[in-house]
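Got a structure here, written out as structure tokens. Questions coming.
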Amino acid sequence: MTIADEAISVSLRGTLGAFAIDAGLAVPARGVTALFGPSGCGKTTILRCIAGLERLPGRLSIGSEVWQDTDAGVFRSPHERHVGYVFQEANLFPHLSVRDNLLYGARRVREAGPVIGSLENIVALLGIEHLLDRSTKVLSGGERQRVAIGRALLSRPRVLLMDEPLSALDRM
């Protein structure tokens, strides 16, 4: 089976606090897939479950790899999933420069997905060359989001999850 034949399969049902979710989907593991719906319907919860940051009973697999199967007692921890996650809020490390935030993703690579690009290529793609030596504390919302996208790409994720990644972007 090639990656083109693989699918991301999710079947989750349960509650987080007072929020109940019953989600089932199967999407190609290649290309771009968008989850859309009204605010509060569970889009972020599904992404967080795929990343392993939240747990709901059910099953989740990427191709033949089972990341979670409640009935079989399987739960792969977040650091074992090789997921790049771009949160709604950029969540950058304030004590690190833009360059060091970007390199943080690259340093954490053990096993990973395909090489998406070098630091130089990702920086050029995102138009953030002039920001590399700045503190993340002085960045605009759009600049912060572009740095977060770059950090996620440089981690060579098997799956890239983006939760409203363009909502804070400004014109480059």
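Taking only the Cα atoms of segment 21-75, how large is their convex hull per residue, in Å³? Before the final figure, lay out each step's value.
On the way: hull volume 4.8 nm³, N = 55.
Looking at segment 21-75, the number lands at 87 Å³ per residue.
Something else about it: Whole number please: convex hull volume per residue of the Cα set in segment 1-94, in Å³?
On the way: hull volume 11.9 nm³, N = 94.
Enclosed volume per residue, from the Cα hull, is 127 Å³.
Rg and Dmax of the chain over Cα atoms: what are they, in angstrom?
16.8, 50
For Leu160, enumerate residues with amide H under 5 Å from its amide H, sequence gap 5+ or separate chain, H modeled in the peptide plane.
Answer set, sorted by chain and number: Gly84.
Per-residue HN-Hα couplings for segment 146-158, Karplus 6.51 cos²θ - 1.76 cosθ + 1.60 at θ = phi - 60°, whole Hz, x for Gly and Pro?
Those phi angles translate into 5, 5, 5, 5, x, 4, 5, 5, 6, 7, 6, x, 6 Hz.
Another question about this same structure. Report the extension gain between Ala18 and Arg99 in nm, rounded to one decimal, defined as 0.36 nm multiplied by the number of residues separating them, less their alpha carbon distance. Present the calculation step by step, with values, prior to reporting the outcome.
Values: separation 81, 0.36 × 81 = 29.16 nm, distance 4.04 nm.
Full extension from Ala18 to Arg99 adds 25.1 nm.
Just so you know, all these numbers are worked out from the coordinates, no wet-lab data involved. Fair warning: this is a prediction, and the values are worked out from it, not measured in the lab.
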